[in-house]
1. Report the residue count in region 4-41 for those that are over 22 Å from Glu65 (Cα atoms), open to solvent by 70 Å² or more (accessible area, probe 1.4 Å) and acidic (Asp, Glu).
2. Limited to region 9-66, what total is found for residues that are in contact with a Gly (Cβ under 9 Å, 6 or more places away or on another chain), in contact (Cβ under 8 Å) with a residue 40 or more places away in the chain and farther than 27 Å from Gly148 by Cβ?
3. One residue is enough: does region 139-149 have a residue meeting the conditions in a strand (DSSP E or B) and either modelled with pLDDT under 95 or more than 30 Å from Asp18 (Cα to Cα) (or both)?
4. Can you go through Asp224, Asp238 and tell me which one is among the charged types (D, E, K, R) and at pLDDT 95 or above?
5. Filter region 152-184 down to residues that are without any contact (Cβ under 8 Å) to a residue 24 or more places away in the chain and in a helix (DSSP H, G or I) and give me whichever is farthest from the ligand (Cβ to nearest atom).
6. Picking from Glu383, Glu407, Glu424, which residue would you name as being more than 16 Å from the ligand (Cβ to nearest atom) and either open to solvent by 50 Å² or more (accessible area, probe 1.4 Å) or in a loop (DSSP other than H, G, I, E, B) (or both)?
7. Looking only at region 449-483, how many residues end up being among the basic types (Lys, Arg) and either crowded, with 20+ Cβ neighbours inside 10 Å or assigned to a strand (DSSP E or B) (or both)?
8. Which pairs turn up if I take residues in region 344-360 that are part of a loop (DSSP other than H, G, I, E, B) and look for partners that are aliphatic (A, V, I, L, M) with beta carbon separation below 6 Å, at least 6 apart in sequence or on another chain?
Amino acid sequence: MVGWEEKGHGVLGYRVMDDTGELVYDGSVAFAGTGPFDVVPTIIEGPFVNQVTEHGAVITYTTSEPAITTLTCGPFAHTEKKKGIHHEIAITDLAADSSYDYAIVLGDQTVSYELSTAPAAGSRKPFTFSYASDSRSGQGGGERTIYGANAYIMKKIMALAKFKDVKFMQFSGDLIDGYLTDREAMQLQYANWKHAIQPFAHYFPVYVSMGNHESYMRFFWKDDTRSSILLNRWPYDDDSGEYLFAQNFSNPQNGPASEDGSEYDPNPDAVDFPSYDENVFHYTHDNVAVIVLNSDYWYAPTHRLIPKVSGGLHGYIMDNQLAWLDETVAMFEADENIDHVFVTQHTPCFPNGGHVGDDMWYRGNNQIRPYIAGKPVKKGIIERRDQILDILVNRSSKTRAILTGDEHNYNRLEIGPETEIYPEQYFTAKIELTRTIYQINNGAAGAPYYAQEETPWTPFVSGFTTQNALVFFHVDGKEIEVEVLNPDTLEEVDRFELTNSE
Ligand SMILES: [Fe+2]
C-alpha cells in the first residue's frame, strides 16, 4: 500500500502489551532499506500545534533520536542548526485568520498537516472552543488504559472537537495517572496521553494544565507508623512535577515566576520553590481570554502530614499566584478587545462529588492550609477561596465562568448572591457576592466516575451527570451558548446561555 519496496523506506505502527494484557505503549518506527532493514530517526510524538496567535504558532515534536529537521509553513521555513530530540519551533509572520499547510521533513520522511491563525483581536467573529479534564486510566481495560491514560475517551473527545472545528481546547489537569517516583514512567504516561490526542492536535492547540495526578514525588516512610510521606520531588529546577510538565508541553510563558520572594520565602537568595513556567499562564483568542491557574502547585499529596513536613496543599492558590491572578484579571478588564474571561484550575471552588473532603472546601474546615518551612500560611483554604471569588465575581465584570475538574462528573453551579457558600459553623469573615458567575465542572474525560454528594450549595447545582462529557463554548460577540455532549454516544448532556449578570 505505501510502496516501501520501490521507495526503500516506510513507517510501521506497533504496540507493547504486558503479560497481563495491559497496553503499555502505542508507537511508530521508521525504517529504511528493502531487507535487511535499518531503523531510522522517526517522529515519535506530534507534531502538535501550540500557542496559536494572530501571526503564528509553536510547533512541537519529538524524534526517536537526535536529528535535524526542516519545518515549512506558508512563507516560513526553518532548518535546525543542531541535532535534537525535542523540537520546538515558533512560526512567525503569518497572516491573521488564515489557514496554512505545514510540513516537517526528517530524512526521507515528510509529514504535512494544516493550522489556522487567530483572527485579529476584537474582530468578534463567531468561534467555538472546548473544555474537559481528567483523562487518566478508566475501568475496563483495553484502550481505556494505555498505561496512564484513557486513550479511548480522549480519542473520542478529540475527534468530536475536531468535527466541531474548535479553535482551541482547554484541558485542566489529571491527564495521566501519575503519582510516580520514577521519571521515565512519568514520561511514558505523558507520551501515551500525547499519542491519544495526536491525530487531532496536529491541527489545533490543546492548552493543558496541572492537576494532582501530574504529581512526581519523593516517597518516605514515616518513622513511628507504617504510613508514607509523599512530597513534590526536588531539586525543583530540573526534577520536579512542574519541570516534567513544562518539558512535555508547550504553553505560554507569561505566568508568575514562583513562590520565591513571597513573605514566607525561607531564603531570598536561594530557589526554594518549583517554577510556574508553563503551568500558570494566560492566552487569548479574539474576544476571549483564558487564565490558567495551578491549584496543585508544590503539591504534597499526604495533606494530613503537611503541618509536620510542609508543602503545597491540593486546591490552594498560593500568594504570588493569587497576586498574578489579580493583576491579570485587571489587565483583561482594561482590554477593550476582550469581552469574556474564563478562569480554569483543576480543583473546584465548590466540590460536588468525590472531593467534598478536599479541593477548596475540606468539609468546611478553614484550618487546612499549606505550610512553608514549618510555618502555616495566614489564609486558610476557605479564606483563600473567598479572595479568589472576590477577584472573579466582585471585582471583575468579564469573568463568565470558572472551569474546573478533579471530580469525575459534569455539572454547573451558579455562584451568586443567593448561593450558600459557608459551613453552618464559620467564625472567619464572610464575603458577599455581587453578581453571578458559573462554575462549570467537567472532569468527565475518562477517569473513574464519582457520584453527587450533599453540600450547602447543592440547590444551585444543575446538570450533574457521570456520563463522559465535552463542553463547547460557542462564542458569538457578546453571546455565549454552552453545549455539552457525550463524546462516546453523542447524546446532548446540557445546553444553556452563559449570560452576563453584570
Ligand atoms: Fe484531580
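1. The total comes to 3.
2. Looking only at that region, the number is 3.
3. Step one: filter region 139-149 for residues in a strand (DSSP E or B), giving 146, 149.
Next, from what is left, pick out any that are either modelled with pLDDT under 95 or more than 30 Å from Asp18 (Cα to Cα) (or both): none.
No, region 139-149 contains no residue that is in a strand (DSSP E or B) and either modelled with pLDDT under 95 or more than 30 Å from Asp18 (Cα to Cα) (or both).
4. Values: Asp224 fails: at pLDDT 95 or above.
That would be Asp238, the only listed residue that is among the charged types (D, E, K, R) and at pLDDT 95 or above.
5. If we filter region 152-184 for residues that are without any contact (Cβ under 8 Å) to a residue 24 or more places away in the chain, which is where we start, we get 163, 182, 184.
Remaining after also requiring in a helix (DSSP H, G or I): 163, 184.
Values: Phe163: 28, Glu184: 23 Å.
Selected residue: Phe163.
6. Numbers: Glu383 fails: either open to solvent by 50 Å² or more (accessible area, probe 1.4 Å) or in a loop (DSSP other than H, G, I, E, B) (or both); Glu407 fails: more than 16 Å from the ligand (Cβ to nearest atom).
After applying the criteria, what remains is Glu424.
7. The initial filter retains those residues of region 449-483 that are among the basic types (Lys, Arg), namely 478.
Those left that are additionally either crowded, with 20+ Cβ neighbours inside 10 Å or assigned to a strand (DSSP E or B) (or both): none.
Residues flagged as among the basic types (Lys, Arg) and either crowded, with 20+ Cβ neighbours inside 10 Å or assigned to a strand (DSSP E or B) (or both) within region 449-483 amount to 0.
8. So the pair list comes out as Gln345/Leu293; Cys349/Met360; Phe350/Leu413; Asn352/Val461; Gly353/Ala451; Met360/Ile381.
The values are calculated or read from the model by the stated rules, or taken from the named source; none is laboratory data. Every value quoted in this text rests on a predicted model; they were computed, and no experiment measured them. Note that each Cβ is placed from the backbone with ideal geometry, even for glycine, and that neighbours are counted across all protein chains shown. For accessibility, only protein heavy atoms count, side chains too; no ligands or nucleic acids. Shrake-Rupley method; radii C 1.70, N 1.55, O 1.52, S 1.80 Å.
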